[in-house]
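Right, one structure below, let's go through it.
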Amino acid sequence: MLIRPRLTDHFGVHKSQAELDFAIQFLNEDIPLYLDPFLLWKSPAQQDQALHTSLTNSFNNLNYLVKKGAEDRARSMLVGLSECREVGLGLSKSRRGNRISPEQAADVLRLFKDISEYSQFGFTHFEVIQLYVAGISKDRISDISCNYLKSFLIDYTIEQCETLGIPLQTVSMSAIYNYRKNDFDHSEKVRLPVSPVDGEPLIFTPKRWLRFTPWINFDDYFKTACPRDEIFNPDEPIDRVRVLKYNRDNYGAVERYIALKDKAAADCKNDPLFSQIPVISARRKLKEVQRLKSGKDDSADSQYEALCTDLLATLLYPHLDFAQAQSRTESGRLVRDLIFYNNRSVDFLDEIFTEYGNRQLVFEMKNVARIDRDHINQLNRYLETGIGKFGAFITRNELPKAMYSNTIDLWSGQRKCIVALTDSDLQLMVDVYESKQRTPVEVLKKKYIEFRRSCPS
């Protein structure tokens, strides 16, 4: 049983997200990142710049089709380009999105007619269509970009798979954009990894192209550059449609915003899927944990769980990629766990994988003064679900002697290993995180070694 399984877990690639060049996809849902074409435009790499040029030229070719009288074909192409499920980017919980409607596609194409500058010169940053057309946002910009770049991304995926030993299968792709013909190649046979969930092909995207929000987007424009005084009267409610209409009639306002974004291009960085909190924030959260009383009064247990989630996700990164905080009900009580992917990046984690079968690690958080037999039985039952035979408590104090003996009995009888990280251990992990001399995951290793030394040989 894996929580939020990733393709690397399925294919046995034991590398963390920080070690890989591409964004690791989930098998059952999208990852909340988007391909931002601006990152290709500002990239110092000639290859990325050339890809941005081909992307922009391909989009501007729609203008050629419109002028040639082939508007139906242009509209059909744009609808086909508006969804790219193979890359697994976005917010879908099922990896399946919908394409834009023909009416929305027609609204986009109308920009080439309504705004003379685009009709004459085309777009430099096509993502600016977000500022003109309702219903066009970051997911559409990302999917259109991925579809235009699909041929390159397929080659990139094959290269990454061959390096990592991920198996490839021959699959038929329904439509791959051909830059030379400015049209789709249909039913192309290519070799790609496929999802074990639904058999659909998977395409990887480089991390350096991904952001949570495109550099050019409507919200940023509205906040920083939109001349709201010219659009709305005082105390008048904000209406997005009126802003879009204003932009269509005032090309200069949008161009001034784009000029500002170009000028600030050095500040545009790709977003990692996970970022560690700074040391000062880790210290602040640790102090909050230490000030909390054990128990549930004043929601102390919920605060403890939230603080420990933030702390552990940072302290154990990049050796353990955070999967999720999971809630489950145990005998009528709500139990919260932390789940991490085991990347086997250090010898200790490799041993946890080989001896206990943990492809993921579970940490059960207990804001109690004393761990009792019921708590141990809860975690023991969880370790029987297939997640592996190693688990850990995050709790306030060391296990009472009788409970510690109970965990040793579990190891002796069932070869299950349960350790406990306490407030003192969290303190040590934060100290190590600040000093940079060692890694916090070594504190977990220390607890494991201490436990094994207590076990009978």
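Structure notes:
- All helices (runs of 4 or more DSSP H) inside region 146-260 with 1 or more residues being out of contact with any strand residue (DSSP E or B) (no Cβ under 8 Å at 6 or more places or on another chain), in contact (Cβ under 8 Å) with a residue 24 or more places away in the chain and more than 24 Å from Q130 (Cα to Cα): 150-164
- Qualifying residues in region 393-410 (those that are among the β-branched types (V, I, T) and closer than 12 Å to F451 by Cα) - the one farthest from the chain's Cα centre (by Cα): I408
- Taken over region 83-127, the criterion of being acidic (D, E) and assigned to a loop (DSSP other than H, G, I, E, B) is satisfied by E83 alone.
- For region 128-141, the count of residues that are open to solvent by 40 Å² or more (accessible area, probe 1.4 Å), more than 24 Å from L273 (Cβ to Cβ) and not basic (K, R) is nonzero.
- Test: residue in region 57-69 that is open to solvent by less than 60 Å² (accessible area, probe 1.4 Å), among the basic types (K, R) and over 20 Å from K138 (Cα atoms): no
- Residue pairs whose Cβ atoms lie under 7 Å apart, separated by 6 or more positions or on different chains, with the first residue in region 286-310 and open to solvent by 70 Å² or more (accessible area, probe 1.4 Å) and the second not in a helix (DSSP H, G or I), are Q303/L292.
Residues checked against (1) touching a His at 6+ places or on another chain (Cβ under 7 Å); (2) modelled with pLDDT under 95; (3) under 30 Å from F22 (Cβ atoms); (4) polar (S, T, N, Q):
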position	(1), (2), (3), (4)
L260	no, no, no, no
D267	no, no, yes, no
S281	no, yes, yes, yes
S299	no, yes, no, yes
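- In region 8-56, the residues that are assigned to a helix (DSSP H, G or I), aliphatic (A, V, I, L, M) and buried (at least 20 other Cβ atoms within 10 Å of the Cβ): L39, L40, L51, L55
- A count restricted to region 131-145 and to residues that are free of Cβ contacts under 8 Å to residues at least 40 places away in the same chain and farther than 15 Å from D36 by Cβ stands at 1.
- When every residue of region 188-204 is checked against the conditions, at least one turns out to be of a type in the set (A, V, I, L, M) and open to solvent by 60 Å² or more (accessible area, probe 1.4 Å).
The values are calculated or read from the model by the stated rules, or taken from the named source; none is laboratory data. Worth saying up front: this structure is predicted, and the values here are computed from it rather than measured. Don't worry about glycine lacking a Cβ; one is built from the backbone with ideal geometry, like all the others, and counts go over all protein chains shown. The accessibility values were calculated without ligands, DNA or RNA, using every heavy atom of the protein model including side chains. Shrake-Rupley method; radii C 1.70, N 1.55, O 1.52, S 1.80 Å.
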